[in-house]
Amino acid sequence: MKVTVKYFGLVAEAADKSEEVMEFNGELTASELKEQCLYGLSIADKDSVQIAVNQNLDDKTTLKDGDEVALLPPFAGG
């Protein structure tokens, strides 16, 4: 299965990339993918990074071939 992972904001800076295509065998949830992608990155609060699968915030989804996953840093507003 191939999944496109998009990184935004401080996550993209820490990963030193904005996008990559990853290949996996077997089932994988969005939260498991998040753990793999963030492993080893210097991000202070990894729990605050949200996951969007096909533009829907959801970390429980089991990923399918062709899905697009976005790793989104915390948003600040004002």
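Readers should treat all values here as calculations from the given coordinates under stated rules, not as data from a laboratory. Nothing here was measured: the structure is a model prediction, and the numbers come from that model. Note: ideal-geometry Cβ built from the backbone for every residue, glycine included; neighbour counts use all protein chains shown.
Mean shadow of region 2-72, computed from the convex hull of its alpha carbons, in nm²? Please list the in-between numbers first.
Values: hull surface 16.8 nm².
In nm², the orientation-averaged hull projection of region 2-72 is 4.2.
Would you please give the FRET efficiency between Leu41 and Asp65, computed as 1/(1 + (r/R0)^6) with r the Cβ-Cβ distance and R0 = 35 Å, to the nearest 0.05? Can you show the working numbers first?
Values: r = 26 Å, r/R0 = 0.73.
Computed FRET efficiency for Leu41 and Asp65 comes out at 0.85.
Under 5 Å between amide hydrogens, which residues at least 5 positions from Leu63 or on another chain qualify, with H placed 1.01 Å from N in the peptide plane?
Placed amide hydrogens put Leu28, Thr29, Ala30 under 5 Å from Leu63.
For Gln50, what residues show an amide H to amide H distance below 5 Å, using hydrogens built from the backbone and excluding near sequence neighbours?
Answer set, sorted by chain and number: Leu72.
Say each of Lys6 and Glu32 gets a label point 7 Å from the Cα, pointing the same way as Cα to Cβ; how far apart are those two points in nm?
2.4
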